[in-house]
Each structure stands twice: as C-alpha cells, then as structure tokens.
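Colleague: Dropping the structure in here first, questions after.
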Amino acid sequence: MHFSPTALLPSLLAAWRWWSGEIAALVPARWRQGLAGRRGRLVLVLGEGGAELVHRGGGRVETLARVDLDPARQEAARAALAALPARLRRCPAAVSLPADSALGTEISLPLAAEANLAEVVGFELDRRTPFKAGEVYCSQRVLRRDVAGKRLAVQLTVVPRRLVDEAMAAARRLGLAPDRVEVASEPPSGNLLPAATRRLAGRLPRVVPAGLGLLAALLAGTALLIPLLQAHLGAAALAAALAENRQAAAESLRLQQQIDAEIQEGGFLDARKRQAPSASEILFTLTHLLPDDTWLSELEIAGGEVRLTGYAASASGVLGLVDQSQRFANAAFRSPVVQDQRVQREQFNIAARLLPRGAP
C-alpha cells in the first residue's frame, strides 16, 4: 500500500485543534488573566459630559470614540465598536464610574480580618456608611498593616447598586461584557463587582507560546501518542490542583480559627454591632432632638464620638439638649461659639461621646 504524507495532514490538523483546546482549559485562571492583561483593556469611562471608550495598556490610555448612551442612538456606537481592530475587540472590558458617584472612607480592622476581608466589611457596612449591604456594591483595599498593633487600615469604596447596574446595562447594550467596575479615584478603588459575578473577559492568545508550540510539534509526529500525553498532562494538572487546593484549605482553616478566637475573646464585631448605634439611628435622634431653628453643616461619627457643626439661635441650648439626650454624654464645645451675622445665628462645634444601646 502506498503511503502519502499529505493524506495524514487533515488528521494532524484536527488533532492539533483538539489538543490545544484541551491544554488551554488546563491553564490556571491567573495565567490566563495575565495573558489577557498584556492585551490591555477596553474601558467605558462614564462622566458628566457623556461617555468615552478608551483602551488602556502598556502604561498608555488611548481614546477610541465618544459614546452616546441613549438606547435609541446607540447603533453608531455599536458600529464603531465593531469596526475596531480585532486585537482591541478581544480585550477584556471594564466600566469606570465618576468619582462623585462613590462614598469612600478608611476603616480600621483587626489584622486577622484580612483573610475574610469582604465578609468582615459586610458586617461593618451599615455601621460605617448610611447604606445596608444589599443596597450597594463595594470594594475594599488594604492601605496599611500594623503588625505590632495587629490592626489593618482598609480603604472602603461604596457605590449604590442602582448606579452600577445601570452602567453594566449600558455597556452590554454596546456589545461589551465587563468583568470589572471601578471608580475613577486616586488611589484606585478596586473592582466593585462581587467575585461570584466576575467573568474571564479574554481568551487565550491565538499564538501559542514558543515552548508549547515546540512540544505540540513533537506530539504531532504521531497520532497514537497524543491521547496518551493528554491523559498524562490531565492527571498531572489534577494532582497539582488538588495539592494546591489542600494547601489553600489548610491555610484558610488556620486563619479562620485565628479569627474565631479573636472574635470570641474580644467580641469585636458582635458586641460592637449590638451596642453601638448605627448612623441612621444617630441621624434619627438628632433630627428629633435639635430645634427647628437649628441646622447642621457637618456631622462626623468616628471613634465612638459624634461631632456636630452648624448654626443655631442658641448654641448653649443645643449643647444642653445633646448632653441631656440618652444617646450622648459629655457634650462640650470643641471651639468657641461665633456669631455669624450673615445668617443671624451662632455657629457651634460640639463633640459628644456616643452611648451604647441600652445604656441608662
């Protein structure tokens, strides 16, 4: 029987496509994300003057097009996106919200909370902000670690859920599939989307790395060795993944035990959550406590203390009301009372200690 090498070519090409697809599925997710990051990212930047589609990559930002977010006039925007070079269309997508759409604050947590930072922040959210966890998307970023003091400084960024959902819907109408929503702030806010909803935005590059290509060329020499090698690679990858998962589970269990011990010893979450009044409760108390001729220009709640700055017909009268309230104690002026001739009111700056719930 006459053997022709060209007759074997279609079978080899089919085997190559199957094998490369299977190998791609075994590549760890963080490697695939790293490869995607080299292509850059398409970002839909929302602002007061409208929206722009930009490409970020290699330390550069390139504006690609102005975008009309009106659903009735988005055909031109979709057409402009479809006309982009293929290398740009394959980039992962993100949405950037304006800085004034977010509430940012710095909070202090125990160092052990870093292992379950998102969970801990969820417990603290309604105490640290005027919102409940179900009303917002938030991101948290570690600013500083005080190892000696066992404390963690965390930057918390909160955006109402409605704003994020509307921005995601606008991006999808353009044909984008964002896996990241961020706030245009400094320092960067981080990704507001929960980890469970994030998607891998990019695919593996079409060009296989040189080393993998060399290995593929050797494997393509015989169709009989391809299934055997595939089985070997699959078993090795599964074994490595199993070992990595076991190590991660052991570390997670150790950190969880450390957090549980600290929570049990100090009761730093449950006790404080039960005893400390929430921001909404404090606002409710002040609204009913202060006279009608009094208004606040600034309200600060921090470190178990509330600080009031505003104007009243009688600043000393406001001080007496705050001090006699069952929510506050040790009320005192933080600075001298000033008569403001413009509004014919006394400007005051009062600080008082917050009393826990149930205090006599």
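Just so you know, all these numbers are worked out from the coordinates, no wet-lab data involved. Everything numeric in this text was worked out from a predicted model, so none of it was measured. Because the Cβ atoms are built from the backbone with ideal geometry, glycine has one as well, and the counts that use them run over all protein chains shown.
Colleague: For a quick check: with amide H placed at 1.01 Å from N, whose amide H comes under 5 Å from G190's, ignoring anything fewer than 5 positions away on the same chain?
Modeller: Counting only residues 5 or more places away or on other chains, the set is V183.
Colleague: Return the long-range amide H neighbours of E305 (sequence gap of 5 or more, or a different chain), with a cut-off of under 5 Å between placed amide H atoms.
Modeller: Here the answer is L354, since their amide H atoms fall under 5 Å of that of E305.
Colleague: What distance in nm separates the simple spin-label points at W295 and R357, each placed 7 Å from Cα in the Cβ direction?
Modeller: Rounded to a tenth, the inter-label distance reads 3.3 nm.
Colleague: Mind listing the phi-derived Karplus ³J(HN,Hα) values for segment 159-165, rounded to whole Hz, using 6.51, -1.76 and 1.60 with θ = phi - 60°, and x for any glycine or proline?
Modeller: Residue by residue, segment 159-165 yields 10, x, 4, 4, 5, 5, 4 Hz.
Colleague: Return the ratio Rg/(2.2 N^0.38 Å) for segment 279-354, where Rg is computed over Cα atoms only.
Modeller: After normalising by residue count via 2.2 N^0.38 Å, the value is 1.01.
Colleague: Give the residues of segment 97-132 whose amide nitrogen is closer than 16 Å to a point set 7 Å from the Cα of Q264 in the direction of its Cβ.
Modeller: Correct set: none at all.
Colleague: From the phi angles alone, apply the Karplus equation (6.51, -1.76, 1.60; θ = phi - 60°) to segment 278-289 and give each ³J(HN,Hα) in whole Hz, x where the residue is Gly or Pro.
Modeller: Result, ordered by residue: 7, 4, 5, 5, 5, 4, 4, 4, 5, 4, 8, 8 Hz.
Colleague: Shifting gears a bit: Considering amide H positions built from the backbone, and no H for Pro or chain starts, which residues 5 or more places from F328, or on another chain, come under 5 Å of its amide H?
Modeller: L355
Colleague: Excluding A113 itself, what net charge comes from residues whose Cβ is under 12 Å from its Cβ, given Lys and Arg +1 and Asp and Glu -1? Write out the running numbers ahead of the final one.
Modeller: Details: positive: R145, K150, R151; negative: E114, E119, E124, D260, E262.
Value of the local net charge: -2.
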